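Trainee: I'd like to ask some things about the structure below.
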Protein chains: 2
Amino acid sequence: MLPEGLSFATRFDKVTGSAIREIFKVLARPNMISFAGGNPSLDALPDEACAKIAEEVLSSDGKRILQYGATEGYPPFLESLIEYLNKSYSFKADKSTVLPTTGSTAGMELICKAMLNPGDTVLVESPTFLGNMQTLNLYQANLVPIASDDEGVIPEEVEKAAQEHHPKLFYVIPNFQNPSGRTLSLERRKSIAQLAKKYGFLVLEDDPYRDLRYSGEHLPTIKEFDEEGYVVYMGSFSKIVSPGLRVGYLVAQQDILRKCAIGKQGTDLHTPNLNQAIVDQFLRRELLAPHIESILPGYRVKMEAMLRELETFPEGTRYTRPEGGLFLFVEMPEGFNATKLFDKAVENGVAYVPGTFFYPDGGHHNTLRLNFSGSTLEQIKEGMGILRTLFAENMA
Amino acid sequence: MLPEGLSFATRFDKVTGSAIREIFKVLARPNMISFAGGNPSLDALPDEACAKIAEEVLSSDGKRILQYGATEGYPPFLESLIEYLNKSYSFKADKSTVLPTTGSTAGMELICKAMLNPGDTVLVESPTFLGNMQTLNLYQANLVPIASDDEGVIPEEVEKAAQEHHPKLFYVIPNFQNPSGRTLSLERRKSIAQLAKKYGFLVLEDDPYRDLRYSGEHLPTIKEFDEEGYVVYMGSFSKIVSPGLRVGYLVAQQDILRKCAIGKQGTDLHTPNLNQAIVDQFLRRELLAPHIESILPGYRVKMEAMLRELETFPEGTRYTRPEGGLFLFVEMPEGFNATKLFDKAVENGVAYVPGTFFYPDGGHHNTLRLNFSGSTLEQIKEGMGILRTLFAENMA
């Protein structure tokens, strides 16, 4: 209980903590098979390379790395990041439009801080990433869910909501969406960029999974269809180098970026230099592309293994077949309750995330999200077997 | 200019960016002597030790370090931090009351997020640290300045303000205060803890400089006089290991700490594991105390050198004689304008921070803050000589 006379800020009134972070605690139990997180495979974490690089950068540039850095970024990383972005995308990236952040989590926080007043409307995909939904809730945004189909979020629904609700932001994950696994089609990317301009809202394009593509072709980002600065691109090295390093970035129109940098002065002053320096070396030594190449086959095999297991699930089980990313989204028949079954699944040694947590308005208890990257093939086989049996016993 | 139809959040209406961070840009000019920052001496940054430690921890625990970590902290660091706190202080530190943060900047942000609604009153020392004043302004706090004298902030003034303004928070830097260099007396520490309980406000005790004591004895923290949880203690390894690593912590009553942890899920998810692991090794291998011992003499010599230079400044120049920390605060005679003179000083090759930026209500243009730790003895002699001449020419 709070000491007498103290009280919490009202922004917490409806926020009780991320369900995923709470679920993480369950995962610490021995022998738990977890399909719950969004963790990269341990095999995919370049610990040997990082050990060597950390030693080298601290030996060669240690004084600068250990000293206070610029909010705008560790200069060598900012340089190589800009070069990397300009090679990878057709949008303009330079020092006035790029800001390193402490993971893309911190980028999300900065955009909310820069743009949102309490009560502002934010459009979100339904379902969407629950962590960032919590951030939006802490900024007391009015979340309006937008329906999706197999091509991703539906532009006609975005337009309808824009007319009705005058949103300030639209938060969207274009590639291998979390949790649905869906990828937004090319035409829809163009449409969303146009709608942002037409209705004057900011698109927050959250793209952490882009490079984890196992089939099909890369699509241009929404931001590449944006001429005037209505799209903020949010990137991350969490899924392709290491999440524990916490290095991400924002690409935004320069006034928006400047506002984010001012906000960042008060959230962490700057992203730790060492972490930026390590990722810098991955870019500078051209280690990133081969590293990604080396992890993709293993992820693809895991995804396919999990999909094969799903084929044998009870009749009426539907699920996405993503072209990349880390997640499968499963829809059981109406009446099935994956939320209620969660505790039972954990008792049996398997964790997932009930789909309801990804829906701004809750419900959808017949859905769940499965992560395949964090488990071994053996764990996928065993864990999916346990779920299959449990689910079969609990069909409505 | 912002694209049409977009607008920034109102929390930025009165915030234009930290003056210090802007001044930092000036410092990049070649041969600039900077008394402006709060930078540790380059000699004091343990780059060789960190290079070795980073390599070792990534080799021995790299998979865990590079994977997602717990918002509550990297377990070995949390353990050694708690042990360190319990050895150093009489307040209770355990897993329910301690949270690692991405520098104490992030700790400040989390406390504001947990506690402050727009319009809430926050008491601050006058003058106080401008960076955190900006954070308070971004939370749209109503700042009420509290007068100080040579023993630090005056409890009778705190009580008067508590009665009049019903504050939610009192932000205070007890040791070698930034910018004044003053240390809060023992009796006043007790009084402030009592006032917090009596009037039901939270004390935010920001203590980054404590271990940089060059004379006199350590005093107990305000938190050590707090039984019920009215004091949050904010610590940092920035001044005693490295600011670039961004590792700090909060010690708070458990409900407050839990709220901060939920807030942290959305600001950076967790403080980077590698950075926590490096500081962990400083604690675990007992490198911290000898490292601090090794840097204190150099800092003391620099402070004394700067004080000696100040003795020869124009008549009427007054300044603090701190027992530790990184800053001297100078008060020139009324009518002198250190704010106006700043550009001229920079032209002549020396930077400081005009004191006005540290006052919640501005004014005090006859004051300035000088940092001695970031310069060499030669730079102190030369830079102070330049300031002495410039100031003598510009006496009112």
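Trainee: Answer yes or no as to whether B:A44 is within 26 Å of A:S60 (Cβ to Cβ) and open to solvent by less than 10 Å² (accessible area, probe 1.4 Å). Spell out the reasoning first.
Mentor: Numbers: within 26 Å of A:S60 (Cβ to Cβ): yes; open to solvent by less than 10 Å² (accessible area, probe 1.4 Å): yes.
Yes; evaluated as a whole, the condition is true for this residue.
Trainee: Could you tell me which residue of the range B:66-97 is nearest to the chain's Cα centre (by Cα), considering only residues that are buried (at least 24 other Cβ atoms within 10 Å of the Cβ) and under 20 Å from B:S238 (Cα atoms)? Talk me through it step by step, then tell me what you get.
Mentor: First, the residues of the range B:66-97 that are buried (at least 24 other Cβ atoms within 10 Å of the Cβ): B:66, B:69, B:73-74, B:77, B:81.
Going one step further and asking which of them are under 20 Å from B:S238 (Cα atoms), we end up with B:73-74, B:77, B:81.
On the way: B:G73: 22, B:Y74: 24, B:F77: 22, B:L81: 19 Å.
The extreme case among them is B:L81.
Trainee: Looking at A:P127, A:P145, which one is more than 13 Å from chain B (Cβ to nearest Cβ) and either out of contact with any strand residue (DSSP E or B) (no Cβ under 7 Å at 6 or more places or on another chain) or small (G, A, S) (or both)? Show your work before the answer.
Mentor: On the way: A:P145 fails: either out of contact with any strand residue (DSSP E or B) (no Cβ under 7 Å at 6 or more places or on another chain) or small (G, A, S) (or both).
Answer to the selection: A:P127.
Trainee: Need pairs with beta-carbon distance below 6 Å; first residue under 17 Å from B:A36 (Cα atoms) and within the range B:320-349, second assigned to a helix (DSSP H, G or I) and open to solvent by 20 Å² or more (accessible area, probe 1.4 Å); sequence gap 6+ or separate chains.
Mentor: Final answer for the pair search is B:V346/B:V26; B:N348/B:I386.
Trainee: Taking A:I154, is it out of contact with any Leu (no Cβ under 6 Å at 6 or more places or on another chain), surrounded by fewer than 18 Cβ atoms within 10 Å (Cβ to Cβ), farther than 22 Å from A:K259 by Cα and more than 14 Å from every other protein chain (Cβ to nearest Cβ)?
Mentor: Values: out of contact with any Leu (no Cβ under 6 Å at 6 or more places or on another chain): yes; surrounded by fewer than 18 Cβ atoms within 10 Å (Cβ to Cβ): yes; farther than 22 Å from A:K259 by Cα: yes; more than 14 Å from every other protein chain (Cβ to nearest Cβ): yes.
Here the answer is yes, as A:I154 does meet what is asked.
Trainee: Can you tell me which condition B:F282 does not meet? The list is (1) in contact (Cβ under 8 Å) with a residue 60 or more places away in the chain; (2) open to solvent by less than 70 Å² (accessible area, probe 1.4 Å); (3) in contact with a helix residue (DSSP H, G or I) (Cβ under 7 Å, 6 or more places away or on another chain); (4) on the phi > 0 side of the Ramachandran plot, and all the others hold.
Mentor: Of (1) in contact (Cβ under 8 Å) with a residue 60 or more places away in the chain; (2) open to solvent by less than 70 Å² (accessible area, probe 1.4 Å); (3) in contact with a helix residue (DSSP H, G or I) (Cβ under 7 Å, 6 or more places away or on another chain); (4) on the phi > 0 side of the Ramachandran plot, only one is false for B:F282: (4).
Trainee: Identify the single condition in (1) of a type outside the set (F, W, Y); (2) assigned to a loop (DSSP other than H, G, I, E, B); (3) within 23 Å of A:S238 (Cβ to Cβ) that A:L370 does not satisfy, given that it satisfies every other one.
Mentor: Against the list (1) of a type outside the set (F, W, Y); (2) assigned to a loop (DSSP other than H, G, I, E, B); (3) within 23 Å of A:S238 (Cβ to Cβ), A:L370 comes up short only on (2).
Trainee: Related question: Determine if the range A:209-217 includes at least one residue that is touching a residue at least 24 places away in the same chain (Cβ under 8 Å) and buried (at least 24 other Cβ atoms within 10 Å of the Cβ). Spell out the reasoning first.
Mentor: Restricting attention to the range A:209-217, the residues satisfying the condition of being touching a residue at least 24 places away in the same chain (Cβ under 8 Å) are A:209-216.
Adding the requirement that they be buried (at least 24 other Cβ atoms within 10 Å of the Cβ) leaves A:209, A:212.
Yes, the conditions are met somewhere in the range A:209-217.
Trainee: Still on this structure: Would you confirm, using the coordinates I've provided, whether A:V232 is open to solvent by less than 10 Å² (accessible area, probe 1.4 Å), within 26 Å of B:C112 (Cβ to Cβ), at pLDDT 95 or above and within 14 Å of chain B (Cβ to nearest Cβ)?
Mentor: Judged against the criteria, A:V232 is a match.
Trainee: Check A:A106, A:A161 and return the single one that is more than 10 Å from chain B (Cβ to nearest Cβ) and open to solvent by less than 30 Å² (accessible area, probe 1.4 Å).
Mentor: Numbers: A:A106 fails: more than 10 Å from chain B (Cβ to nearest Cβ).
None of the others qualify; the one that does is A:A161.
Trainee: Let me ask something else. Being in a loop (DSSP other than H, G, I, E, B), at pLDDT 95 or above, polar (S, T, N, Q) and surrounded by 21 or more Cβ atoms within 10 Å (Cβ to Cβ), is that true of even one residue in the range B:336-358?
Mentor: no
Trainee: Let me ask something else. Go through the range B:285-301 and give me each residue that's closer than 19 Å to B:K381 by Cβ and either open to solvent by 20 Å² or more (accessible area, probe 1.4 Å) or at pLDDT below 95 (or both).
Mentor: Let us first name the residues in the range B:285-301 that are closer than 19 Å to B:K381 by Cβ, namely B:297-301.
The answer is B:P297, B:G298, B:R300, B:V301.
Trainee: Just for the range B:172-199: of the residues that are in contact with a strand residue (DSSP E or B) (Cβ under 9 Å, 6 or more places away or on another chain) and in a helix (DSSP H, G or I), which one is nearest to B:R210 (Cα to Cα)?
Mentor: Quick first cut of the range B:172-199, residues in contact with a strand residue (DSSP E or B) (Cβ under 9 Å, 6 or more places away or on another chain) only: B:172-185, B:188-189, B:192-193, B:195-196.
When the remaining residues are screened for being in a helix (DSSP H, G or I), the result is B:188-189, B:192-193, B:195-196.
Details: B:R188: 17, B:R189: 14, B:I192: 18, B:A193: 18, B:L195: 23, B:A196: 22 Å.
This residue is B:R189.
Trainee: State all residues of the range B:37-75 that are in a helix (DSSP H, G or I), at the interface with chain A (Cβ under 7 Å from one of its Cβ atoms) and of a type outside the set (D, E, K, R); if no residue qualifies, say none.
Mentor: Answer for the range B:37-75, where residues must be in a helix (DSSP H, G or I), at the interface with chain A (Cβ under 7 Å from one of its Cβ atoms) and of a type outside the set (D, E, K, R): B:L42, B:C50, B:A51, B:A54, B:L58, B:S59, B:G62, B:I65, B:L66.
Trainee: Could you go through the range B:362-383 and let me know if any residue there is charged (D, E, K, R), open to solvent by 10 Å² or more (accessible area, probe 1.4 Å) and at pLDDT below 95. Working first, answer last.
Mentor: Within the range B:362-383, the first condition is being charged (D, E, K, R), and the residues that meet it are B:369, B:378, B:381-382.
So of that shortlist, the ones also open to solvent by 10 Å² or more (accessible area, probe 1.4 Å) come out as B:378, B:381-382.
When the remaining residues are screened for being at pLDDT below 95, the result is none.
The answer is no, given that none of the residues of the range B:362-383 is charged (D, E, K, R), open to solvent by 10 Å² or more (accessible area, probe 1.4 Å) and at pLDDT below 95.
Trainee: Here's something else I'd like to know. Given the residues A:T312, A:T271, which is the only one that is of a type in the set (S, T, Y), under 15 Å from A:P76 (Cβ atoms) and modelled with pLDDT of 95 or more? Full working, then the answer.
Mentor: Values: A:T312 fails: under 15 Å from A:P76 (Cβ atoms).
A:T271 is the lone residue from the list that is of a type in the set (S, T, Y), under 15 Å from A:P76 (Cβ atoms) and modelled with pLDDT of 95 or more.
The values are calculated or read from the model by the stated rules, or taken from the named source; none is laboratory data. All values derive from a computational prediction rather than experimental measurement. Note: ideal-geometry Cβ built from the backbone for every residue, glycine included; neighbour counts use all protein chains shown. Just the protein is used for accessible areas: all its heavy atoms, side chains included, with ligands, DNA and RNA removed. Shrake-Rupley method; radii C 1.70, N 1.55, O 1.52, S 1.80 Å.
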